[in-house]
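The values are calculated or read from the model by the stated rules, or taken from the named source; none is laboratory data. Computed from a prediction, not measured in an experiment: that's the story for all the values here. Reconstructed Cβ throughout: ideal geometry from the backbone, glycine too, with neighbour counts over all protein chains shown. Areas reflect the complete protein model, heavy atoms only, side chains present, ligands, DNA and RNA absent. Shrake-Rupley method; radii C 1.70, N 1.55, O 1.52, S 1.80 Å.
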Amino acid sequence: EEEDERSQEMWEELFSIEQYVEMALQFSRLSAKSTDFVIGEVSLDKVVREAIHKYARLFVRKKIKLELTSIDTQILTDEKWLEFVLEQVLSNALKYTRKGKIKIYMDPQSPKTLVIEDTGIGIAPEDLPRVFERGYTGYNGRTDKRSTGIGLYLCRQIMDRLSHTIRIESEMGVGTRVYLGLDTVEL
C-alpha cells in the first residue's frame, strides 16, 4: 500500500514537471514573433475531452468529481493552443480543489462561452484583478511553493491572440469560475 502511494506521488511529480516543461515551451513559442497559429473550425467538445483525458488520473487520485454538460459547439480557433489554455485552467482547478467537483458547461447567458467551475479554495478578492499578470502568484500561490505565476498569464496572452476572452469570478472558500469566451471577433 505504501509502495503504491509512493509510486503515485512520483507519477504526480513527473506529471507536474512535464507540465512546467510544456509551459516553458509554450512561453518561448509565444514570445517568438511568428507564433504557429492554425485557425480552423473545431469541435469544442473534442478539445475539452482531450484536456480532461490528460488529467483523468488526477481526478481519480484526488477523488474530485467531474460534471461535464453537453458541449455541442463548433468554434473558430487554434485547437492546440486552446487545448493548452484548457489544460492550464483544469490544472489550476485540480490544484486548488481539495474536495468536491469541477463542472464544465456552456454559459447559458453568453454565446460560445465555456465555463470551468470548481469548488476549490477560491481566489482572494485583492488577488483577482492581478491573476493574469506575469509572475503574479497571489496568496494561494505563495502558500503553494510550486506556483509560477505564469500559467494564467500565458492563457490571457493566447486568448488575446485568438481573439477570445478569459475572465475569472471567485469567492474564497466557495470556488472559482473561469469563463472562456470563444466567439471570434476577427482574425
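For residues that are within 17 Å of the chain's Cα centre (by Cα), of a type in the set (D, E, K, R) and either crowded, with 17+ Cβ neighbours inside 10 Å or modelled with pLDDT of 90 or more (or both), tally how many sit in region 113-152.
Of the residues in region 113-152, 4 are within 17 Å of the chain's Cα centre (by Cα), of a type in the set (D, E, K, R) and either crowded, with 17+ Cβ neighbours inside 10 Å or modelled with pLDDT of 90 or more (or both).
Somewhere in region 104-117, is a residue over 25 Å from Leu162 (Cβ atoms) and in contact with a helix residue (DSSP H, G or I) (Cβ under 8 Å, 6 or more places away or on another chain)?
So in region 104-117, the residues over 25 Å from Leu162 (Cβ atoms) come out as none.
For region 104-117, residues over 25 Å from Leu162 (Cβ atoms) and in contact with a helix residue (DSSP H, G or I) (Cβ under 8 Å, 6 or more places away or on another chain): absent.
Any residue at all in region 13-20 that is in a helix (DSSP H, G or I), out of contact with any strand residue (DSSP E or B) (no Cβ under 7 Å at 6 or more places or on another chain) and closer than 24 Å to Arg167 by Cβ? Let's see the steps before the verdict.
So the first thing to find is which residues in region 13-20 are in a helix (DSSP H, G or I), and the list is 13-20.
Now narrow it down to the ones that are out of contact with any strand residue (DSSP E or B) (no Cβ under 7 Å at 6 or more places or on another chain): 13-20.
With the extra rule that they be closer than 24 Å to Arg167 by Cβ, the set shrinks to 19.
Taking every residue of region 13-20 in turn, at least one turns out to be in a helix (DSSP H, G or I), out of contact with any strand residue (DSSP E or B) (no Cβ under 7 Å at 6 or more places or on another chain) and closer than 24 Å to Arg167 by Cβ.
This table checks each residue for (1) part of a strand (DSSP E or B); (2) closer than 23 Å to Glu83 by Cβ; (3) without any contact (Cβ under 8 Å) to a residue 40 or more places away in the chain.
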position	(1), (2), (3)
Arg98	no, no, yes
Lys103	yes, yes, yes
Ser110	no, yes, no
Ile116	yes, yes, no
Gly120	no, yes, no
Ile123	no, no, no
Glu126	no, no, yes
Pro129	no, no, yes
Arg134	no, yes, yes
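Please work out which one of (1) in contact (Cβ under 8 Å) with a residue 60 or more places away in the chain; (2) assigned to a helix (DSSP H, G or I); (3) open to solvent by 60 Å² or more (accessible area, probe 1.4 Å) is the condition Arg49 fails and give its number.
(1)
Quick check on region 80-102: of everything there that is open to solvent by less than 60 Å² (accessible area, probe 1.4 Å) and touching a strand residue (DSSP E or B) at 6+ places or on another chain (Cβ under 6 Å), which residue is nearest to Glu22 (Cα to Cα)?
Of everything passing the filter in region 80-102, Val89 is nearest to Glu22 (Cα to Cα).
Quick test of your reading of the structure: Thr35 fulfils all but one of (1) closer than 16 Å to Cys155 by Cβ; (2) open to solvent by less than 40 Å² (accessible area, probe 1.4 Å); (3) in contact with a helix residue (DSSP H, G or I) (Cβ under 7 Å, 6 or more places away or on another chain); (4) modelled with pLDDT of 90 or more. Name the failing condition by number.
Looking at each condition in turn, Thr35 falls short on (4).
If you go through region 1-24 one residue at a time, how many are out of contact with any Phe, Trp or Tyr (no Cβ under 8 Å at 6 or more places or on another chain), within 30 Å of Met106 (Cβ to Cβ) and open to solvent by 40 Å² or more (accessible area, probe 1.4 Å)? Explain how you work it out, then say what you get.
To start, the set of residues in region 1-24 that are out of contact with any Phe, Trp or Tyr (no Cβ under 8 Å at 6 or more places or on another chain) comprises 1-21, 23-24.
Add one more test, that the residue is within 30 Å of Met106 (Cβ to Cβ), and what stays is 15-16, 18-19, 23.
The next check asks that each one be open to solvent by 40 Å² or more (accessible area, probe 1.4 Å); those that pass are 18.
So the count comes out to 1.
I need a count of the residues in region 52-81 that are of a type outside the set (D, E, K, R) and either under 16 Å from the mean Cα position of the chain (by Cα) or part of a helix (DSSP H, G or I) (or both).
Residues of region 52-81 of a type outside the set (D, E, K, R): 52-53, 55-56, 58-60, 64, 66, 68-71, 73-77, 81.
Within this subset, residues satisfying the condition of being either under 16 Å from the mean Cα position of the chain (by Cα) or part of a helix (DSSP H, G or I) (or both) are 52-53, 55-56, 58-60, 64, 66, 68, 81.
Number of matching residues: 11.
I need the full set of residues from region 69-93 which are touching a helix residue (DSSP H, G or I) at 6+ places or on another chain (Cβ under 7 Å) and of a type in the set (D, E, K, R), in order please.
Residues satisfying the conditions are Asp72, Glu79, Glu83, Glu87.
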